[in-house]
Each structure stands twice: as C-alpha cells, then as structure tokens.
Amino acid sequence: MTSTVSAPLDFGIFGPDSVTWKVYRCPTSMTVGFTRTALTEMFDPLVVASVAGTGSLRERAADRYDRTLEYAGALVLADSATAAHAADTLMRIHTRITGRDPVTGQAYEPNDPAGQLWIHLTQWQSVLHVYERFGPGRLSAEDDRQYWEECAIAAQFQTIDPADVPRSRAEMRAYYQRVLPDLVVSETAVEHAHLILNGANLALTELRGPLRVVSPLVQWLLRRATIATLPRWMRTAVGSRQGPIVDAGVAAVLRPIMRLAARQPKMLAKKLESSSPRAYAVLAPAILDISPTTPETVSVQEAFLRAGRPLPREQYLALVSDSVNSAL
C-alpha cells in the first residue's frame, strides 16, 4: 500500500489538460527521461563543476537523483505553492555556491542564467525525447507547439531570460548547435555520468520479494535504454559501443512495459514511493489523479506573488545590481 497523499491546493501551473502533464505523468519521464536529463547536464563544464564541488553525487547519488526528481516534478506537476517554494528555496541555496572550474578556469555560480537555461532545456528535451522513443510516440503538431510554449512558461522558475528559450524543435536544435562547442568531455563529466547511470538505475530497479532476482536484468534494461537515447559522441564519452541493434531491441522490450505501467498508476506510485520517497510526495497526487482543493491553474507570477517572493530572475538581477554597486 502507498502512503496517504494529501490533496494539492490547486492544479499548479499547467494542470491535467496541458501537454506538460501528458508527457511528465508518463512513466518514461520518471525513469529514463530523468536519468538522461541528469547525465546530459554533466557535459556543461560549469554545471558539473558546481555539482562536483558539493560532492553530493559522489557521496549519495540515489539521494541526489531523488531530490532532483522532486524539484523538477514540483515545478510541473505539484500545486502552485509547492512549485514556487521549491524554486525559491533552490534559488537561495544556489546563492551560497560559487567556485572555479579546474578544467576551463572559469568561475561558476549555479544561478547563472546560461547554466540554468542548459539545465532547463536538457530536461524538457530529454523528457520529450524519451516519451516519444519509449512511450506513446510522437506528439501531434499542435501538442508539440504547446509543449514548447509551456517549456517557456516553466523557465520562469529559473533565472533565465525568457527571450532565450526555444519555442520549437527547430529552435531547440539550433540551441544545441550553438552550445555544442562549449561542452567538455572531462574526466569529472564522465565520472559523474557513470554515477548517474549507476545511482539512478539502482534506486529505480531495486525490487523486493520474489522479484528481487530480476533486479539486475531491469537495471541492465534501463541503463541500455538511457544509452540508446544519447547522441553518438556522448556514448563514446561514457565508453559505450552500443549500436542500433541493441537500441531497437531495448525499445521493443521497454515500450510495452511502459504502456503497462501507465495503466497502473497505483503500482507506479508504489514503486516511486520506495525508490524516490521525496519525489513521491510531490508527484503522487498527479499520478493518482487526486483532485485539488481548488481546481484551478495558477500563473508562475501569481504563484510567487502569493508566496510573497520576487520571481527568480528578478532576484538574480537584483543580486547582480547589488554586486556591481558594491564594487563601485
């Protein structure tokens, strides 16, 4: 039995009629989608430097994965108060983290808009890519348009300049082409990519009772599925020679499993509770279709207004302004 879940205050920013809920509530998103997201992020040298600087991934990979899924899930599926609180809390935590990347020599700060944009877009592109690869299939043209519009709305939870957010697949591909020369296959990036592959899969595939004997097989499947979604250069970086035959075989096995999981929300919630208890608390109401106290959606601006806090970008620009003024 899963734990009792309280009704959310509202439908959050998007709600059940959105394409965001359609994609993010799919089991592909909470499994391979987020593993691919976290792994891909590590090839930005400043992002991996900030992660490596805390030591959290080396010391507790599964816990960090749980917290990342909790945060990302809160922004898109939780009620508006939970979403605003999660974004504001992380913004404050990030203001205390600074350092210098030993590979590039550049200074880093997690609230930097360029780094935030990379993290945000790799998540939305990865989750969609995995949804279409192992889930229901390609979005319709209208749903695709709406998905990228909703991606831009969600970007307001970060310090990102709204003008920098792609509004289509074509713009997303153009963004990747622009940033590709700045990505670095460093020893630290590869180490952390493997930590994510191993840590996330262990948490997701740890089965109990008689099913425990098949846990290694499930772990192998999810690992291979994640690799199957990676571009060739990234596969080479993590030391994988996996080719199209394995990719196709993994997809053929995983698609029906994901379809079955999507039809069993209670089973999905129970597994999420055991593998990612923090994420379960914010994702379960949406997964289980628990009606909110007030059946409404709320804009990001209104969510922060109700919380009595400025938007993250407003906070960031104020901090930059204060820093400049203090240096004069």
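Accessible surface of Asp247, taken over heavy atoms with a 1.4 Å probe and every protein chain present, rounds to 10 Å². Calculate, for the chain, the solvent-accessible area per residue in square angstrom, rolling a 1.4 angstrom probe over the heavy atoms of the protein chains. Normalised by residue count, the accessible surface of the chain is 47 Å².
From the residues Thr159, Leu183, Ala170, which one has its Cα farthest along the dipole of region 121-189 in the positive direction, the dipole being from +1 and -1 charges on Cβ of Lys/Arg and Asp/Glu about the Cα centre? Of Thr159, Leu183, Ala170, it is Ala170. For Tyr108, nonlocal amide neighbours, meaning residues 5 or more places apart or on other chains whose placed amide H falls under 5 Å from its own, are Gly99, Arg100, Asp101.
Counting pairs of alpha carbon atoms under 8 Å apart in space and at least six apart in sequence, what relative contact order in percent does region 46-197 give?
28
Look at the alpha carbon pairs under 8 Å that are at least 6 residues apart: their mean separation over the length of the chain gives a relative contact order of 33 percent. Once a ≥ b ≥ c are taken as the square roots of the eigenvalues of the Cα gyration tensor of region 31-127, is the result rounded (a/c under 1.5), prolate (a/b larger than b/c) or oblate (a/b not larger than b/c)? Prolate shape, in that a/c is at least 1.5 and a/b is the bigger ratio. The trypsin sites (Lys or Arg not before Pro) of region 71-148 that DSSP puts in a loop, and whose beta carbon has at most 16 other beta carbons within 10 Å, are Arg96, Arg138.
Could you tell me whether region 141-202 comes out rounded, prolate or oblate from its Cα gyration tensor? Rule is a ≥ b ≥ c as square roots of the eigenvalues, rounded for a/c under 1.5, then prolate if a/b exceeds b/c, otherwise oblate. Spell out each step's value before the answer.
Details: a/c = 2.16, a/b = 1.71, b/c = 1.26.
Prolate, because a/c is 1.5 or more and a/b exceeds b/c.
Decide, for region 101-158, between rounded, prolate and oblate: order the square roots of the alpha carbon gyration tensor eigenvalues as a ≥ b ≥ c, take rounded if a/c falls under 1.5, and otherwise choose prolate if a/b is larger than b/c, else oblate. Oblate, since a/c reaches 1.5 and b/c is not below a/b. When peptides 85-91, 46-52 are sorted by average Cβ neighbour count within 10 Å, with the highest value leading, the order is 46-52, 85-91.
What number, rounded to the nearest 500 deg cm²/dmol, is the helix-based mean residue ellipticity at 222 nm of the chain, given -39500 (n - 2.57) per DSSP H run of at least four residues and division by all its residues? It lands at -20000 deg cm²/dmol. Under the convention that each Lys and Arg Cβ holds +1 and each Asp and Glu Cβ holds -1, the size of the dipole of the chain around its Cα centre is about 1340 debye.
Taking Trp21, Trp220 and ordering them by how much accessible surface each has at a 1.4 Å probe, largest first, produces Trp220, Trp21.
The values are calculated or read from the model by the stated rules, or taken from the named source; none is laboratory data. Just so you know, these numbers come straight off a predicted model, no measurement behind them. When we count neighbours, we look across all protein chains shown, and the Cβ atoms used for this are built from the backbone with ideal geometry, even at glycine. SASA here: full protein model, heavy atoms, side chains in, ligands and nucleic acids out. Shrake-Rupley method; radii C 1.70, N 1.55, O 1.52, S 1.80 Å.
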